[in-house]
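In what follows, a single structure is set out as structure tokens and then discussed.
The values are calculated or read from the model by the stated rules, or taken from the named source; none is laboratory data. These numbers come from a predicted model, not from an experiment. We place every Cβ from the backbone using ideal geometry, glycine too, and count neighbours over all the protein chains shown. Only protein heavy atoms, including side chains, enter the accessible area calculation; ligands, DNA and RNA are left aside. Shrake-Rupley method; radii C 1.70, N 1.55, O 1.52, S 1.80 Å.
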Amino acid sequence: MAALQAAIMSEREYILGGMQTEEFIDNYVYIENKDNLGDPLIKFHMWPAQRSALNEMIENRLNIILKARQLGFTWLVLSILVHYALKHKGFRAICVSETDDKSKELMNRCELIYSKLPGWLIISEKRFKEFERTHGRGSYEGLYYIKNTHDITIVRAGKGLHERSEIIAEPATEGSGRSLTADIVFFDEWAFHRFAEAIFTAAYPTMARPTSGKFIGLSTNKRGSLYEEIWRHAEERKFHKIFRGCFSDPRRDEKW
């Protein structure tokens, strides 16, 4: 039993320390499986096109991604945010989605990923409160998550500390991203955002700080959009381009 406990603690420290996001996804991330109603959750087994895109996003600060539909790239980006929020105290990510419902869905997906992680790594706020009711206030030492409609917070509890990291989701409105500092800004379905110019202008200072800041803009294309304009002029704007077509899903062929 002592050896098992030591192994668990070692793995926990590794996840929160030196583990790379690629390994974290391979070992711990579950996602929705809409292709199979009988098995709604599956382990996230990355295709080669997803794996290479993951590493490109991590290596580059300003990323613009053009992809075909239904390639699991939103899950891929959220997996990065989930892992970073676990690893880094004070981490903050801002996600901007096309509508309010879609921004809420991003937080539901993050909660799903957290809920499937081992209990020795992180627990829900409900389980945290149950633990402290049983064992006394301040007795829990570890991580727990608090899920709200538009955000999810990771709390590091113990020894009087309540250090937090957070992932925030907003709909694409004129004021989105204003006055918020973030380590990562994520625009989901960027080409379809209303007020795209104003939102990008507001968010740019937080993603272009000299010591930190990363941007991931993900979308299918829309003619005449700000997204298309930046894609066309990515090099002069210092954006790293990532393209993944429909055959990035290895299950698809010419017959499909």
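For region 207-223: of the residues being in contact with a helix residue (DSSP H, G or I) (Cβ under 9 Å, 6 or more places away or on another chain) and among the hydroxyl-bearing types (Ser, Thr, Tyr), which is modelled with the highest pLDDT?
The selected residue is 219.
Do you know which of the residues in region 140-150 that are open to solvent by less than 40 Å² (accessible area, probe 1.4 Å) and at negative phi is modelled with the lowest pLDDT?
Of region 140-150, the ones open to solvent by less than 40 Å² (accessible area, probe 1.4 Å) are 140, 142-146.
After this cut, where a residue has to be at negative phi as well, the list is 140, 143-146.
On the way: 140: 91, 143: 94, 144: 95, 145: 97, 146: 97.
My answer is 140.
Keeping to region 1-24, report how many residues are in contact with a helix residue (DSSP H, G or I) (Cβ under 9 Å, 6 or more places away or on another chain) and farther than 23 Å from residue 46 by Cβ.
0
Each row is one residue, and each column tells you yes or no for (1) among the aliphatic types (A, V, I, L, M); (2) farther than 30 Å from residue 67 by Cβ; (3) part of a strand (DSSP E or B); (4) open to solvent by less than 50 Å² (accessible area, probe 1.4 Å).
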position: 118; (1), (2), (3), (4): no, yes, no, yes
position: 128; (1), (2), (3), (4): no, yes, no, yes
position: 134; (1), (2), (3), (4): no, yes, no, no
position: 137; (1), (2), (3), (4): no, yes, no, no
position: 154; (1), (2), (3), (4): yes, no, yes, yes
position: 165; (1), (2), (3), (4): no, no, yes, yes
position: 173; (1), (2), (3), (4): no, no, no, no
position: 176; (1), (2), (3), (4): no, no, no, yes
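Before we move on, is residue 201 surrounded by fewer than 18 Cβ atoms within 10 Å (Cβ to Cβ) and closer than 23 Å to residue 221 by Cβ? Even if it seems obvious, please write down each step before you answer.
Values: surrounded by fewer than 18 Cβ atoms within 10 Å (Cβ to Cβ): yes; closer than 23 Å to residue 221 by Cβ: yes.
Considered against the rule, which asks whether it is surrounded by fewer than 18 Cβ atoms within 10 Å (Cβ to Cβ) and closer than 23 Å to residue 221 by Cβ, residue 201 comes out as yes.
If you take the residues of region 182-206 that are touching a strand residue (DSSP E or B) at 6+ places or on another chain (Cβ under 7 Å) and assigned to a loop (DSSP other than H, G, I, E, B), which of them is modelled with the lowest pLDDT?
182
Residue 79 versus (1) of a type in the set (S, T, N, Q); (2) assigned to a loop (DSSP other than H, G, I, E, B); (3) under 18 Å from residue 115 (Cβ atoms): which is the lone unmet condition?
Going through (1) of a type in the set (S, T, N, Q); (2) assigned to a loop (DSSP other than H, G, I, E, B); (3) under 18 Å from residue 115 (Cβ atoms) one by one, residue 79 breaks only (2).
One line per residue, one yes/no per condition, for (1) in contact (Cβ under 8 Å) with a residue 12 or more places away in the chain; (2) surrounded by fewer than 14 Cβ atoms within 10 Å (Cβ to Cβ):
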site	(1), (2)
2	no, yes
26	yes, no
49	yes, no
55	yes, yes
70	yes, yes
73	yes, no
80	yes, no
85	yes, no
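Restricting attention to region 36-47, which residues are surrounded by 13 or more Cβ atoms within 10 Å (Cβ to Cβ) and charged (D, E, K, R)?
Correct list: 43 only.
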